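What follows is calculated from the coordinates using simple rules that are stated; it is not laboratory data. Since the model is a prediction, treat every value here as computed from it, not as a measurement. Using ideal geometry, Cβ is built from the backbone for each residue, glycine included, and neighbour counts are taken over all protein chains shown.
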Amino acid sequence: MMPRKGDAMIYETIQSAVREGVATLTLNRPQVMNALSSRMRAEITDAVATLPEDARCLVITGAGRGFCSGQDLTDRAAAADLEGTLRDEYEPMLRAIRACRVPVIAAVNGVAAGAGANLALAADVVIAAESATFIQAFARIGLVPDAGGTFVVPRAVGMARAMGMMLFAEPVGARQAADWGLIWEALPDADFAAGVDARARQLAQGPTAAYLAIREAVAASTRNDLDAQLALEARLQGAAGRTADFVEGVTAFLEKRPARFCGR
Ligand code: T3D
């Protein structure tokens, strides 16, 4: 039974806060490099699905020197039901991130290993500190990459690099991950916090409805043919064209001033 206060879940393994439209979810088990326990998965899922009304961007990051070391390996007896855990706990967490009602940035402050790497890669944009690494660590312990890794990684970096990452299970540095197209950018460690903050504010002040439509279109492009994708673009653009933010965007352009988007 998860501790609750009224309807709200009390978080023990994560911290969440909202400031000026930016919600920050911090994985907070630094003594184990923010390894994912069952409780942490439930808390992440809940926090992402119940973001405060005023949030218009979500940043997921880690406390301490790591981002997330994947499954908590102290939690795994040989007889653990891995299939059930993936289906009942990982999948809802990943789906919550993919369906988040605002754009999601993974701010990868340090090592992201196993399901921790793939948790980061579930975000819309990944920004990493230069000292961070991404490790498809699964084969080191006799497992198969999960948490969406076999879907996302080959699409981002191609089959050869995906296979190398997964078979050798070695760290890929943030700079290389950016060069390969696995993540958006790697920032010098000294600039990381400010760089993430600037990008988060940019998204929090942007046209939220258009961002979500962009996510939908890009995700659909992995399964659609051109005809279906053109039809989807037309439908999404029709909806975007009816938003207050489109009116504001065009008005601001014509008035030669920055747009003030309301997110609708
Ligand atoms: O349900 C299922 O099981 C299926 C789902 C599976 C999903 C997965 O994610 S499987 C992959 C699990 N993750 C890993 O295999 C990574 C294990 N960790 C590491 O390889 C390394 O710790 C890191 C590369 C992440 C970091 O290395 P380093 O040298 O910077 O730090 P460290 O000293 O290894 O770790 C610091 C502490 O965190 C240490 O504890 P200690 O000695 O100080 O008491 C270490 O044991 C602990 N820790 C790190 N990762 C985990 C962990 N404790 C529990 N679970 C972990 N995943």
| task | Could you work out the local net charge near G206, counting Lys and Arg as +1, Asp and Glu as -1, over the other residues with Cβ closer than 13 Å to its Cβ? | result | +3
| request: Report ³J(HN,Hα) in whole Hz for each residue of the range 187-203, in order, from the Karplus equation J = 6.51 cos²θ - 1.76 cosθ + 1.60 where θ = phi - 60°; Gly and Pro get x. | output: 10, x, 3, 5, 9, 4, 4, 5, x, 5, 4, 4, 5, 5, 5, 4, 5
| query | How big is the C-alpha Rg of the range 26-79 next to the rule-of-thumb value 2.2 N^0.38 Å, as a ratio? | reply | 1.28
| Sites E91 and Q15, calculated FRET efficiency, Cβ-Cβ separation with R0 35 Å, nearest 0.05 | 0.90
| task | Over all directions, average the projected area of the Cα convex hull of the chain and note it in nm². | result | 15.8
| request: In debye, nearest 20, what is the charge dipole magnitude of the chain about its Cα centre with +1 on Lys and Arg Cβ and -1 on Asp and Glu Cβ, if you could check? | output: 320
| Counting DSSP beta bridges with both ends in the chain, the antiparallel % (nearest 5) | 30
| Residue-averaged [θ]222 nm for the chain, counting only DSSP H segments that reach four residues, each worth -39500 (n - 2.57) | -12500 deg cm²/dmol
| remark: Under the Karplus relation with 6.51, -1.76 and 1.60 and θ = phi - 60°, whole-Hz ³J(HN,Hα) for the range 146-159, x at Gly and Pro, equal 9, 6, x, x, 6, 8, 6, 5, x, 5, 7, 10, x, 5
| request: State to the nearest 20 debye the size of the charge dipole of the range 143-208 about its Cα centre, where the only charges are +1 on K and R beta carbons and -1 on D and E beta carbons. | output: 220
| request: Determine how many Å³ per residue the convex hull of the Cα atoms of the range 86-168 encloses. | output: 95
| message | Over all directions, how big on average is the projection of the convex hull of the alpha-carbon atoms in the range 178-233, in square nanometres? | response | 5.2
| message | If I fit a long axis through the Cα atoms of helix 38-49 and take the longest principal axis of the Cα atoms of the chain, what angle between them do I get, 0 to 90°, rounded to 10? | response | 0
| remark: For A113, the residues 5 or more places away or on another chain with a placed amide H closer than 5 Å to its own amide H are C68, S69, G70, I135
| remark: Sorted by chain and number, the residues with a modelled amide H under 5 Å from that of V126, at a separation of 5 or more or across chains, are A106, W184, E185
| query | Which listed residue (G84, T45, N28) has the Cα farthest towards the positive end of the charge dipole for the range 1-107, taking +1 on Lys and Arg C-beta and -1 on Asp and Glu C-beta about the Cα centre? | reply | N28
